[in-house]
Amino acid sequence: MRVHVQNDPADPAFAITEPQWRAAAADEPPHAVSFAADVDGFAAARDAMELLVAPPAALRRLRPLVAPRLKLVFLNAAGVDAIAPFDWLPAGAVLLNNRGTHGPKAGEYVAMAALMLAARLPALAGAQHAGRWQPIHAATLAGRHALVIGTGDLGSAGARALRALGVRTTGVNTTGRRHPDFDAIAPASAIDALLPQADILVLACPLTPATHHLLDRRRLGLLPAHAGLVNIGRGELLEQDALREALAQGRLSGAVLDVVTPEPLPDGHPLWTTPNLIVTPHISCDDPATYSARSLAILFANLRAWRAGDALPNRVDLARGY
């Protein structure tokens, strides 16, 4: 297969390099592969490529995507909301993502954030920055209940990490189908009933039209005041102004956000000074040391399925948006 890898020049830490490709492809059938990080490099490979490998930022710069022999597009990312709608995808081409790459780092981040929230670290950090000695005593995380919205790679990794810390977990997905990483599973229709029982709420689902502002002002009001929120999905999953007000007024104990709206967060944005809040700059799930190797392993697993005529594990359902 003729493969072209298009990297993002603004994000070299996550570029797929020729040595990384050779290491991952050592036991695979040979492919003719080209690499580029500019539009000219893509144009030189465009007419022959059958498989395009690219992150969302690079792919956005290439639209509309004109490649007459293109069969597969492998997005070097899990979330596909940044490249929706998918009318740029050539007819007959299949879109894959790298779902499965992010779990190990995501699990550690969720555990860290939950421990911080249980210990009231956002409030303690705020007191420190204000130069105020304010002892805040808190109970252990073990024995609490976490509601995890999204049972895919991110949510299940978070649930495994939380269960290892003694946390009882309930996962929410679209159908309520069972998942071994959770103590219980519920359908999305049960969210309102489950929110009042949550000590920790983790948002880990894809951003789609159905999940935009999934956690809106009304649903934030259903959480108990002692609850904490972790968002590793997308900023648009929650109504940010309503969250800011809830934190400032003490109607929510704390929050740790790795994703916000907009990104990057501009100077002077109210979230920078919102009390009981810790913001990290979209780094929760990406490990530069392992990202390319994990992504390429997933790509080659899909290529083996492609050659065998089997279902592709990472095929994106364009109608559902994930």
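The values are calculated or read from the model by the stated rules, or taken from the named source; none is laboratory data. Nothing here was measured: the structure is a model prediction, and the numbers come from that model. Ideal geometry is used to build each Cβ from the backbone, glycine not excepted, and the neighbour counts take in all protein chains shown.
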### Whichever residue in the range 16-48 is touching a Ser or Thr at 6+ places or on another chain (Cβ under 8 Å) and buried (at least 20 other Cβ atoms within 10 Å of the Cβ) and, among such residues, is farthest from Leu299 (Cα to Cα)
Ala45
### Query
With respect to Ala225, is the statement that it is touching a residue at least 24 places away in the same chain (Cβ under 8 Å), assigned to a loop (DSSP other than H, G, I, E, B) and under 22 Å from Leu121 (Cα atoms) true?
yes
### Task
Please work out which residue is surrounded by the most Cβ atoms within 10 Å (Cβ to Cβ), limiting yourself to the range 59-71 and to residues that are more than 16 Å from Ala84 (Cβ to Cβ) and among the aliphatic types (A, V, I, L, M).
Leu70
### Residue list for the range 142-158, restricted to those being of a type in the set (Gly, Ala, Ser) and either in contact (Cβ under 8 Å) with a residue 40 or more places away in the chain or not assigned by TED's automatic domain parsing to the domain that holds Ala111 (or both)
Ala146, Gly150, Gly152, Gly155, Ser156, Ala157, Gly158
#### Entry: the range 124-141 residues that are touching a residue at least 60 places away in the same chain (Cβ under 8 Å), paired with ones that are surrounded by 10 or more Cβ atoms within 10 Å (Cβ to Cβ) and not charged (D, E, K, R) (beta carbon under 6 Å, 6 or more apart)
Gly126/Pro275
### Query
When residues of the range 178-236 are filtered for being acidic (Asp, Glu) and at positive phi, how many remain?
0
### Query
With respect to the numbered conditions (1) outside any helix (DSSP H, G or I); (2) at pLDDT below 95; (3) over 17 Å from Val94 (Cβ atoms), which one is the sole condition not fulfilled by Arg61?
(1)
### Query
Taking the range 23-48, which residues are under 23 Å from Ala308 (Cα atoms), touching a strand residue (DSSP E or B) at 6+ places or on another chain (Cβ under 9 Å) and not in a loop (DSSP other than H, G, I, E, B)?
Ala32, Val33
